[in-house]
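Novice: Submitted below is the structure of interest, expressed as structure tokens.
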Amino acid sequence: MKEKFVSIIFKSTPKDSVINMLGDFLKGLLGNYINPIYKESVLTVFFDAESEIDFEEIIQSLNEDFYLTAILFESGILYSGTNKNEYLSYIAENKNKLLETNKLYIAEADLIKFKIISNIVIKNILKEYYEDYQMKNVIKTYLDCNMNISQAASKLYMH
């Protein structure tokens, strides 16, 4: 089974009753999933990647309905061998950077735009290119040039 996860990152610690309500809400929404993990103001739920859910709309509603200040991070598909605990630690370590983005919804690919990158993210997002040194160099240069194509091409001696 291919899995994904969402993490709801709270700006301030919510009450236990809010966490319980959110857990019930996610259970109704996702159906079959692994019980939510709540740690350090981050509520994470792993679920079947085949679910088609518009999490961007959901986090807007949650902020309005529960009077929260929270963002939602949606992972890409986690392939076998992905260390879930490593991902949870990564989200916890970077929650302040994620909150600084001023976005309510962040997809895994957005981490590259925000330069919130680690080895686990690179391996998951760029899995096709992880072993390709040249492509990794092109991507790194592009990001180092603040996603300016002309500047990156010049540095890479490309046109």
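The values are calculated or read from the model by the stated rules, or taken from the named source; none is laboratory data. Quantities reported herein were computed from a predicted structural model and do not represent experimental measurements. Note that each Cβ is placed from the backbone with ideal geometry, even for glycine, and that neighbours are counted across all protein chains shown. Accessible surface areas use protein heavy atoms only, side chains included; no ligands, DNA or RNA. Shrake-Rupley method; radii C 1.70, N 1.55, O 1.52, S 1.80 Å.
Novice: Please find, within segment 1-24, the residue that is least open to solvent (accessible area, probe 1.4 Å) out of those that are out of contact with any Leu (no Cβ under 8 Å at 6 or more places or on another chain) and of a type in the set (A, V, I, L, M, F, W, C). It would help to see each step written out before you state the result.
Specialist: Keep residues of segment 1-24 that are out of contact with any Leu (no Cβ under 8 Å at 6 or more places or on another chain), which gives 1, 12-13, 15-17, 20-21, 24.
Subsequent filtering for residues that are of a type in the set (A, V, I, L, M, F, W, C) retains 1, 21.
Numbers: Met1: 165, Met21: 98 Å².
Among those residues, the one meeting the criterion is Met21.
Novice: Still on this structure, please answer the following. Consider segment 142-159. How many of its residues are among the hydroxyl-bearing types (Ser, Thr, Tyr) and within 18 Å of Ala109 (Cβ to Cβ)?
Specialist: Going through segment 142-159, the residues among the hydroxyl-bearing types (Ser, Thr, Tyr) turn out to be 142, 150, 154, 157.
If we keep only those that are within 18 Å of Ala109 (Cβ to Cβ) as well, we get 142.
The number of residues fulfilling the criteria is 1.
Novice: While we're here: Looking at Ala153, is it in contact with a His (Cβ under 8 Å, 6 or more places away or on another chain), surrounded by 14 or more Cβ atoms within 10 Å (Cβ to Cβ) and at pLDDT 75 or above?
Specialist: Numbers: in contact with a His (Cβ under 8 Å, 6 or more places away or on another chain): yes; surrounded by 14 or more Cβ atoms within 10 Å (Cβ to Cβ): yes; at pLDDT 75 or above: yes.
Criteria met by Ala153.
Novice: Something else: Hey, can you tell me all the residues within segment 1-59 that are among the basic types (Lys, Arg) and outside any loop (DSSP other than H, G, I, E, B)? Lay out the reasoning, then the answer.
Specialist: Quick first cut of segment 1-59, residues among the basic types (Lys, Arg) only: 2, 4, 11, 15, 27, 39.
Matches in segment 1-59: Lys4, Lys27, Lys39.
Novice: Another question, if that's okay. Is there a residue in segment 39-53 that is closer than 24 Å to Lys140 by Cα and either at pLDDT 90 or above or in contact with a strand residue (DSSP E or B) (Cβ under 9 Å, 6 or more places away or on another chain) (or both)?
Specialist: no
Novice: Next up: Which pairs turn up if I take residues in segment 70-88 that are in a strand (DSSP E or B) and look for partners that are among the polar types (S, T, N, Q) and open to solvent by less than 80 Å² (accessible area, probe 1.4 Å) with beta carbon separation below 6 Å, at least 6 apart in sequence or on another chain?
Specialist: Between residues of segment 70-88 that are in a strand (DSSP E or B) and residues that are among the polar types (S, T, N, Q) and open to solvent by less than 80 Å² (accessible area, probe 1.4 Å), the close pairs are Phe73/Ser7.
Novice: Would you pick out the residues in segment 35-70 that are within 28 Å of Glu128 (Cα to Cα) and not aromatic (Phe, Trp, Tyr)? Outline the logic, then answer.
Specialist: So the first thing to find is which residues in segment 35-70 are within 28 Å of Glu128 (Cα to Cα), and the list is 44-56.
Selection gives Thr44, Val45, Asp48, Ala49, Glu50, Ser51, Glu52, Ile53, Asp54, Glu56.
Novice: Looking only at residues that are modelled with pLDDT of 85 or more and assigned to a helix (DSSP H, G or I) in segment 93-113, which one is least open to solvent (accessible area, probe 1.4 Å)?
Specialist: This residue is Leu98.
Novice: Can you tell me how many residues in segment 27-48 are surrounded by 15 or more Cβ atoms within 10 Å (Cβ to Cβ), more than 19 Å from Tyr90 (Cα to Cα) and under 17 Å from the mean Cα position of the chain (by Cα)?
Specialist: Total meeting the criteria: 0.
Novice: Right, here's the next one. Go through the residues of segment 121-139 one by one and say whether even a single one is among the aliphatic types (A, V, I, L, M), modelled with pLDDT under 70 and under 30 Å from Thr13 (Cβ atoms). Let's see the steps before the verdict.
Specialist: Just the residues of segment 121-139 that are among the aliphatic types (A, V, I, L, M), to begin with: 121-122, 125-126, 135, 138-139.
From what's left, modelled with pLDDT under 70: 121-122, 125-126.
Filter once more, keeping what is under 30 Å from Thr13 (Cβ atoms): 121, 125.
Yes, some residue in segment 121-139 is among the aliphatic types (A, V, I, L, M), modelled with pLDDT under 70 and under 30 Å from Thr13 (Cβ atoms).
Novice: Looking at segment 64-82 only, could you name the residues that are farther than 15 Å from Ile19 by Cβ, surrounded by 12 or more Cβ atoms within 10 Å (Cβ to Cβ) and not charged (D, E, K, R)? Can you show your working first?
Specialist: Pass one, segment 64-82, residues farther than 15 Å from Ile19 by Cβ: 64, 71, 73-82.
From what is left, the residues that are surrounded by 12 or more Cβ atoms within 10 Å (Cβ to Cβ) are 71, 73-79, 82.
Passing the criteria: Ile71, Phe73, Ser75, Gly76, Ile77, Leu78, Tyr79, Thr82.
Novice: Hey, among Tyr142, Tyr90, which residue is at pLDDT 75 or above and either open to solvent by 90 Å² or more (accessible area, probe 1.4 Å) or closer than 24 Å to Leu68 by Cα (or both)?
Specialist: Details: Tyr142 fails: either open to solvent by 90 Å² or more (accessible area, probe 1.4 Å) or closer than 24 Å to Leu68 by Cα (or both).
Criteria check complete, one pass: Tyr90.
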